[in-house]
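Visitor: Below you will find the structure I want to go over with you.
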Amino acid sequence: MQTTRFLAPLALLGAVSAQSAYLVDTSLDQLFTVDLATGAATFLSSVANNGLSTAADLTYRAATGELWTVDLSGGECGTIDPASGTFTAVFQTNLSGWQGIAWDEVTQLFYLANQDDNMYVLDPVTGVTTLLGNSGFDLITCLDTDVTGNLFGIDFFTGFVVVIDKTTGVATSLSTTITGFQGLGIDQATGTWYGSNTNDDSLHLVDPGTGTNTLIGGHGAGVTFAKGFDLIDGSAGTPAANTTFGTACGGLSLAGITRPITGTNWDLGLTGVPATATIGVMLLGFGNPNQSLAAFGAPGCTQYSDAAAFVLLPLPVSTPAFSFAIPANPGLINVNIFTQGGALVPGANPLGIAASNGLNGAIGDV
């Protein structure tokens, strides 16, 4: 497959660290920014609006540039506008007792920790909250993911630093740090762990391997109960994103497993390929022709990629179905690649094909 004709590689870009963070005080119902060098907080806005009772934690969704929280009491999961503090409920979990929330850029899902020691996952496509299982720890009060999608937390009472299985919810201890952490932010570029602690209302560095804690400084600004915290990733560049669209025919479904970030592999998953298929294919291009294939003998099928390039897929289709290396070229940022999966399936229709939905990958550097 001749894909390098439109993605010429350049030298790798250097990692850029996040510069600041958000913090919410649930005694004051106020939102702050935090200076990562000093720990000092700066007031932004009140979050006491639209029925938000207790913002249990904060998580930053880089692909959409949104700050999210979950209400400890009411169970609503939604966004907070940093400028105005306006809370907008998006999902209703129908549960109370929330303590931690983390958005995972790898799975494109929210993970939540509850004070009943159970872990949950919330799918932003369906809005459904699903129980994963019991963590096995006393009270995990903060969550975050690293750049590869590992889910971590810290136990408030014991200081156990844990890694959490995203399928079962079971947590495994990595080390022990100080108690009192209710906010965790992991720098996606450097891997540095920042924790906001309610025992001293200060910002700390945490070494997850050893548990070693280093005080950065007090939040000040009247902060009395720092319940949620997360890093701002905007300084790292332009977020990459996967957007699915259109309808499939023949049972195929295309989704992005990872996002198209410069200098990484963009993994695509294709499911539902019939066992009777004789050939599998992945189309890639720069435009969406949105061309109905009914006139060619495939009613209900639509072409969503202009197919500037394509690759044949081994059958049965594996996971990922296709892995595409995105060069570390800043000139590729904001380029959109339209992809679609297909298969030759004798008897599926007069043309004998099945076609997936479309997927638009917007290239970014975070």
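Visitor: Tally time: how many residues in segment 104-113 are in a strand (DSSP E or B) and either surrounded by 24 or more Cβ atoms within 10 Å (Cβ to Cβ) or at positive phi (or both)? Steps first, answer last, please.
Guide: Taking segment 104-113 first, the residues in a strand (DSSP E or B) are 104, 109-113.
Subset that is either surrounded by 24 or more Cβ atoms within 10 Å (Cβ to Cβ) or at positive phi (or both): 111-113.
Total satisfying the criteria: 3.
Visitor: Could you list, in sequence order, the residues of segment 301-331 that are surrounded by fewer than 20 Cβ atoms within 10 Å (Cβ to Cβ), among the aliphatic types (A, V, I, L, M) and assigned to a loop (DSSP other than H, G, I, E, B)?
Guide: Selection gives Ala307, Ala308, Leu315, Ala328.
Visitor: Check whether at least one residue in segment 293-300 is part of a strand (DSSP E or B) and not assigned by TED's automatic domain parsing to the domain that holds Gly185, and report yes or no. I'd like the intermediate steps shown before the answer.
Guide: Applying the first criterion (part of a strand (DSSP E or B)) to segment 293-300 yields none.
Within segment 293-300, none of the residues are part of a strand (DSSP E or B) and not assigned by TED's automatic domain parsing to the domain that holds Gly185.
Visitor: Pick out the one residue from Asp267, Asp230 that is in contact with a Pro (Cβ under 9 Å, 6 or more places away or on another chain), surrounded by 17 or more Cβ atoms within 10 Å (Cβ to Cβ) and of a type in the set (Asp, Glu).
Guide: Working: Asp230 fails: in contact with a Pro (Cβ under 9 Å, 6 or more places away or on another chain).
The match here is Asp267.
Visitor: Something else now. Are any residues in segment 121-150 assigned to a strand (DSSP E or B) and under 29 Å from Thr190 (Cβ atoms), and if so, which ones?
Guide: The answer is Val121, Leu122, Leu132, Ile140, Thr141, Cys142, Leu143, Asp144, Thr145.
Residue-by-condition table, conditions (1) surrounded by fewer than 19 Cβ atoms within 10 Å (Cβ to Cβ); (2) on the phi > 0 side of the Ramachandran plot:
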site: Gly183; (1), (2): no, no
site: Thr190; (1), (2): yes, no
site: Asp201; (1), (2): no, yes
site: Leu215; (1), (2): yes, no
site: Ala241; (1), (2): no, no
site: Leu252; (1), (2): no, no
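Visitor: While we're on this one: Select, from Phe157, Phe137, Phe152, the only residue that is of a type outside the set (Val, Ile, Thr) and free of Cβ contacts under 8 Å to residues at least 24 places away in the same chain. Let's see the steps before the verdict.
Guide: On the way: Phe137 fails: free of Cβ contacts under 8 Å to residues at least 24 places away in the same chain; Phe152 fails: free of Cβ contacts under 8 Å to residues at least 24 places away in the same chain.
Checking each option against the conditions leaves just Phe157.
Visitor: Moving on. What's the total number of residues in segment 55-85 that are assigned to a loop (DSSP other than H, G, I, E, B) and modelled with pLDDT of 95 or more?
Guide: So the first thing to find is which residues in segment 55-85 are assigned to a loop (DSSP other than H, G, I, E, B), and the list is 62-65, 72-75, 81-85.
From the residues that got through so far, the ones that are modelled with pLDDT of 95 or more too are 72, 75.
Total meeting the criteria: 2.
Visitor: Can you tell me which of Leu283, Leu359 is free of Cβ contacts under 8 Å to residues at least 60 places away in the same chain, in a strand (DSSP E or B), within 20 Å of Cys249 (Cα to Cα) and not basic (Lys, Arg)?
Guide: Details: Leu359 fails: free of Cβ contacts under 8 Å to residues at least 60 places away in the same chain.
Answer to the check: Leu283.
Visitor: Right, another one. Just checking, which of Ala354, Ala362 is of a type in the set (Gly, Ala, Ser) and under 30 Å from Arg61 (Cα atoms)?
Guide: Working: Ala354 fails: under 30 Å from Arg61 (Cα atoms).
The conditions single out Ala362.
The values are calculated or read from the model by the stated rules, or taken from the named source; none is laboratory data. Here the structure is a predicted model, which is why all the values come from computation and not from measurement. All Cβ positions, glycine included, derive from the backbone under ideal geometry; neighbour counts span all protein chains shown.
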